[in-house]
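Please read the structure below before turning to the comments.
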Amino acid sequence: MNPEFIVFGICGFVVLSILLIPLLRANLKSVTALFLIFLNALLTSVPAIGALLGNTFTLEIFGGLNFGNILLEIDPLSAWFILIVNITLINGAIYGIGYMKAYEKQTGNLSLHWIMFVIFHASMLWVCMLHNGFAFLIAWEIMTLSSLILVLFDHNKANTLQAGVNYLVQMHIGVAFLTLAFIWIFVTQQTSGFQGIATFLQGPHTHWVILFFFLGFGIKAGFIPLHTWLPYAHPAAPSHVSGVMSGVIVKMGIYGIIRIAMMINTDALIPGIMLMMISAATTLYGILNAAVHRDFKKMLAFCTTENIGIIGMGIGLALIGKALDNQALLIFGFAAALIHVLNHSLYKSLLFFAAGNIYTKTHTRNMEMLGGLIRQMPQTAILFLIGALAIGGLPPFNGFVSKFLVYSGFVEAFRNQDMALNALMIIGITILSMAGGVSLLTFTKAFGTIFLGEPRSEIMHRPGEVSLLMRLPLYAIVLIMLVIGVFPVLVMNPVLSIITGFTPAGLIMPFTNITGMLTLVGRASLLLIVLIALLYFIRSLAFRRKPVEITSTWGCGYIAPGHAMQYTGKSFSKSLAKLFGFITIENKKYKELKTVSIFPSPRTYTSCYLEFFETRIIDPVIRQFLRLFNYFTFIHNGKIQFYVLYGLLFMVILIILSFINVL
Amino acid sequence: MRMISLLLILITSFFFTGIIIRTKSILSGRKGPGIMQPMKDIIRSLRIGSVYSKTTSFIFQLAPTVYIATILMAILFIPFGNQRGVLSFNGDFVFFAYTLALGKFFMIIASLDTGSSFEGMGASREALYSMLVEPAFFIIMGSFSLLTGFTSFVDIFSAMHFGSYVTYGLGALAAFVFAIIALIENSRMPVDDPKTHLELTMIHEVMILDNSGYDLGLILYGTNLKFAMYGALIANFFHTPGYEWYYSIPIFFGVQLAFAVTVGVVESFSARFRMNHNPQFILMFTSISLLIFLGVLLLTGKII
């Protein structure tokens with residue numbers, strides 16, 4: 001395909017969406033948006049697949065004096081992320097058509113939403129393709145702003161606005177760091193192209209720039225302690241947007257980190273170890289918080305943090321492998337990270353869409369209000385269950401493949417002689433296995449509380465299964481997940497071509513034993529499915545002639561159990577929360593019962609879990625700053641004449657300074 | 001020859017809980033049931049009809065099958081001396097652990113499916129304890145792969161027998177931790193008391209309160225299989241360097257017998273811990289496995 005054709009095509013479809021969508025009827029807006037997104041996806045997927053097969057696609061645009069020549073390139077890494085973005089966004093748009101049916105009356109709002117959805121998609125494609133620092137920043141900013149508007153769809157709610165502002169501010173802190181890093185590169189290398197970063201990172205004194213890049217991209221990705229926007233923005237957004245945000249927008253941060261990580265050549269050890277430690281902490285912290293929350297979208301948001309941690313551990317391993325010149329470790333690390341990016345975008349969007357189905361039908365995000373939904377929404381229940389199994393990394397689904405690669409990386413790193421590194425690896429193994437256990441607890445809790453048992457409260461709307469449009473993309477995702485789980489080599493081969501592209505000397509190590517190992521993992525997963533099916537078949541044969549009786553649940557001698565007596569989600573995770581009380585801080589509000597009160601008065605008891613970083617670190621620091629800045633409020637007193645005076649004063653100071661030769 | 005460990009584990013599983021029960025009855029001076037009694041109970045369960053709660057869904061009926069399938073799957077990875085298991089690849093211990101976790105996932109949601117408050121309580125404890133016990137297993141397997149340089153069960157176990165007494169010592173320590181892991185995973189004393197009569201203090205027993213007939217039989221047999229599986233793992237630490245079959249098979253059954261008798265003795269002479277002491281007890285084994293890791297670091301000369 002002609003390179004120019006792709007560039008103009010994407011821009012053209014975006015402009016078309018702006019012109020066309022506001023004019024259409026409400027039910028056509030979403031379909032048009034889906035159609036345009038599909039066209040954009042088609043335009044970029046073809047060269048992306050080509051890039052993975054070895055034909056890198058490049059185009060140089062003259063960008064004026066400030067930008068220099070803007071290089072547009074789809075190399076295997078970009079291609080990988082472009083394909084992930086396309087899959088997730090097409091699924092998201094199809095799901096969104098069904099999800100937004102309920103909001104058809106808000107025509108203006110809806111037009112804006114769908115236009116932004118198209119722009120959001122295009123901006124992410126640009127982010128993946130642009131290899132020029134400043135152009136990249138512009139695409140990055142468009143991506144942030146369009147996603148902000150997507151989050152703010154429900155702008156009448158104060159919570160949503162608050163989440164939106166939080167997101168906006170935090171993202172711009174990130175952009176500030178990125179800008180700083182890119183300017184640093186520009187000043188030292190005289191070019192804003194990514195090639196400049198590579199040459200810069202080969203020189204000395206690179207730690208500050210690497211740190212700035214990490215902070216800038218890390219805020220998007222949600223590493224602790226930069227993750228605080230995630231648990232607000234994801235629940236506030238409409239479900240198809242949260243699915244897409246969690247599925248791909250945080251991955252753009254990962255894209256940036258991998259892009260930089262692949263360029264680090266000298267002294268990759270320290271960044272690798274640091275990334276590894278932060279990621280390990282992120283994994284454990286994210287999943288512990290996910291375990292305790294009762295808002296199921298917030299739970300999923302924290303779970304995203306956990307998965308980002310796992311991806312980060314992969315990148316950390318790869319960097320350590322690069323520093324130690326251990327190619328097997330490099331392959332394990334990058335492969336784990338890249339495959340986990342794909343896996344997480346699949347099952348997290350699946351879970352968010354399933355959560356959206358629940359929200360559409362019940363209008364609550366509080367899992368303690370729900371229960372027994374498996375009878376009304378059996379298909380959503382099965383889809384959620386599959387997502388839960390996959391995200392826990394359980395075979396035979398795709399989540400296991402990437403976790404397996406991370407474990408293999410840890411074990412591979414044992415070949416190194418350094419004691420500290422070995423200890424780091426055993427800490428990584430411990431944290432990964434613990435996180436697996438906690439995620440089992442989290443998702444049994446979520447699935448059990450939402451879908452199983454009896455309804456815990458009277459819900460106004462009688463829930464039923466959602467429309468086909470809101471189930472179809474979920475089935476598609478499940479299919480892809482199963483294929484990856486059973487045939488992991490299908491994704492491993494393109495990933496190996498990505499890694500080869502970034503190893504200048506080429507991969508010396510034969511990687512057939514790694515692919516051979518993954519083939520066996522896939523076969524074992526297949527065997528597991530066959531075994532379960534076989535045993536279930538035997539069971540159904542055995543049940544043919546047996547009497548089956550249906551009664552009520554055994555109440556341990558109590559004959560009138562009610563739905564309020566069921567175990568709640570909170571009590572399910574209570575013992576874990578108590579064990580890790582220093583991270584999952586419980587905030588209880590109630591009045592102590594006084595001994596003198598004879599007659600009982602109405603009492604309330606509320607309890608919620610607070611975020612450690614927000615309540616213990618960020619908020620106190622901000623409070624101190626605000627106290628300090630309060631002393632300067634007299635400066636902005638709202639009177640224009642004073643502001644003019646400040647201008648004059650400034651000039652006077654300048655004159656005085658130049659007199660005494662300071663300037 | 002790859003089937004040998006599967007066959008031996010299946011044979012052991014028929015007797016394992018019988019031996020535990022026999023030990024307990026001898027130690028408490030009762031006549032007690034015969035060794036085959038637990039198996040007879042299981043076969044009876046498999047043949048009779050079932051009762052289901054009207055709250056439950058298909059999850060409840062599917063879960064026992066998944067549970068037993070995952071245990072069988074995990075057994076396929078267990079080697080016998082230098083004989084590979086049916087399945088074997090680099091890093092197979094990860095698959096082993098995660099497959100078992102899949103079965104556990106289904107058992108937990110099945111117990112939540114009944115909507116019973118007691119079963120939810122048991123499920124919550126089961127989830128917490130299996131989370132706490134997971135690191136111990138992974139640290140031990142990680143340490144041995146550090147020691148031997150291999151990452152699959154069979155390679156690790158065959159490389160460990162290079163004759164040094166220290167590796168046998170480490171193996172004994174690991175066998176101890178594996179034995180405790182087996183006790184925790186099967187919800188036996190001192191973490192859980194399978195013979196208790198109060199639902200509030202149960203873990204595993206309360207989760208399966210509503211299961212009956214064929215499904216209950218599967219779950220009970222699952223416990224037997226799990227014990228035999230961990231026993232086989234432990235037996236692998238004590239093989240002779242030459243792997244002569246006339247030593248290996250008696251060693252295998254000897255270790256299984258010793259393990260079963262030990263479980264019986266522990267259950268006869270100890271009381272169950274208070275629930276809130278259990279996490280500390282379980283985490284203690286994570287620290288013992290860290291001790292093994294330190295030992296391995298010493299052995300490989302990476303520390304000092």
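The values are calculated or read from the model by the stated rules, or taken from the named source; none is laboratory data. Treat the numbers as computed from the prediction; the structure is a model and nothing was measured. Note that we place each Cβ from the backbone using ideal geometry, even for glycine, and neighbour counts take in every protein chain shown. Protein only, heavy atoms only, side chains kept; ligands, DNA and RNA dropped before computing areas. Shrake-Rupley method; radii C 1.70, N 1.55, O 1.52, S 1.80 Å.
Okay, here's what the table says:
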item: Kirkwood-Stokes translational diffusion coefficient of segment A:253-325, alpha-carbon pairs, 4 °C, 1.567 mPa s, µm²/s; result: 102
item: Fraction of accessible area attributable to carbon and sulfur, the protein assembly as shown (%, probe 1.4 Å); result: 70
item: Relative contact order (%) - criterion: Cα under 8 Å, at least six apart; region: chain A; result: 12
item: Protein heavy-atom accessible area occluded, A/B pair - total, 1.4 Å probe, Å²; result: 6500
item: Whole-number D in µm²/s for segment A:4-135 (Stokes-Einstein; Kirkwood sum over Cα pairs; 20 °C, 1.002 mPa s); result: 139
item: Karplus-derived HN-Hα couplings along segment A:137-148 (A = 6.51, B = -1.76, C = 1.60, θ = phi - 60°), whole Hz, x at Gly and Pro; result: 4, 5, 4, 4, 5, 4, 4, 4, 5, 5, 5, 4
item: Relative compactness, segment A:449-558, computed as alpha-carbon Rg over 2.2 N^0.38 Å; result: 1.79
item: Segment A:A476-A:F543, extension gain: residue separation times 0.36 nm, minus the distance between their alpha carbons; result: 20.8 nm
item: Simple spin-label estimate for B:K31 and A:D267 in nanometres, 7 Å along Cα-Cβ; result: 8.2
item: Of A:K29/A:K348; A:K298/A:K589; A:K574/B:K302; A:K348/A:K589; A:K298/A:K322; A:K445/A:K589, pairs whose Cα-Cα distance is over 29 Å; result: A:K574/B:K302; A:K348/A:K589; A:K298/A:K322
item: Within 10 Å of each Cβ in A:418-426, the average number of Cβ atoms from other chains; result: 4
item: Rounded Å value of the spacing that divides the Cα centres of segment B:3-76 and segment B:208-266; result: 12
item: Approximate spin-label separation A:V165-B:Y168, in nm, with each point projected 7 Å along Cα-to-Cβ; result: 7.2
item: Whole-angstrom Cα spans of segment A:61-191 along principal axes, big to small; result: 52, 30, 24
item: Within segment A:230-260: backbone nitrogen closer than 19 Å to the A:N109 label point (7 Å, Cα to C-beta); result: A:233-243
item: Range in chain B, longest, excluding exposed trypsin sites (Lys or Arg not before Pro) [loop by DSSP; at most 13 other beta-carbon atoms within 10 Å]; result: B:55-194
item: Neighbour count of at most 15 Cβ within 10 Å plus DSSP loop: longest GluC sites (Glu not before Pro)-free window in chain A; result: A:105-457
item: Amide H contacts under 5 Å for A:G193, placed H, 5+ residues apart; result: A:G133
item: Delta accessible area of at least 40 Å² on complex formation, residues of segment A:389-408, 1.4 Å probe, chain isolated as reference; result: A:L389, A:L394, A:P395, A:F400, A:F404, A:Y407
item: Area projected by the alpha carbon convex hull of segment B:4-299, averaged over all directions, nm²; result: 15.0
item: 24 Å Cα-Cα threshold exceeded, pairs from A:K570/B:K226; A:K570/A:K594; B:K195/B:K226; result: A:K570/B:K226; A:K570/A:K594
item: Estimated FRET transfer efficiency (A:A176, B:L294; beta-carbon r; R0 45 Å; 0.05); result: 0.50
item: For the protein assembly as shown: accessible area per residue (Å², 1.4 Å); result: 39
item: For segment B:4-299: relative contact order, % (alpha-carbon pairs under 8 angstrom, 6 or more apart); result: 31
item: All-pairs Cα distance distribution in segment B:40-145, expressed in whole percent, bin size 10 Å; result: 13, 34, 32, 17, 4
item: C-alpha center-to-center spacing [segment A:592-627, segment A:343-368] in angstrom; result: 29
item: Lys, Arg +1 and Asp, Glu -1 on Cβ, resulting dipole of the protein assembly as shown about Cα centre, debye, nearest 20; result: 2260
item: Nitroxide proxy distance, nm - points 7 Å out along Cα→Cβ at B:L10 and A:L593; result: 5.9
item: Dimensionless Rg/Rh of chain A - Kirkwood Rh, Rg from C-alpha atoms; result: 1.00
item: Loop sites in segment A:349-415: trypsin sites (Lys or Arg not before Pro), DSSP, at most 16 other Cβ within 10 Å; result: A:R415
item: Full-stretch length increase - A:E4, A:I427 - with 0.36 nm per residue and alpha-carbon distance subtracted; result: 147.3 nm
item: In range of the label at B:F58: residues from segment A:537-561 whose backbone nitrogen is under 13 Å from the point 7 Å along Cα→Cβ; result: A:537
item: Members of segment A:435-476 that become less accessible by 50 Å² or more once partner protein chains are added (1.4 angstrom probe, chain alone as reference); result: A:L440, A:T444, A:L452
item: Average other protein chain Cβ within 10 Å of Cβ, residues A:377-383; result: 1
item: Square roots of 5 times each gyration tensor eigenvalue, C-alpha, segment A:310-417, largest first, Å; result: 38, 12, 10
item: A:E586-B:S270 FRET efficiency (beta carbon distance; Förster radius 35 Å; 0.05 resolution); result: 0.55
item: Per-peptide average of other Cβ atoms within 10 Å, ordering A:631-642, A:483-494 highest first; result: A:483-494, A:631-642
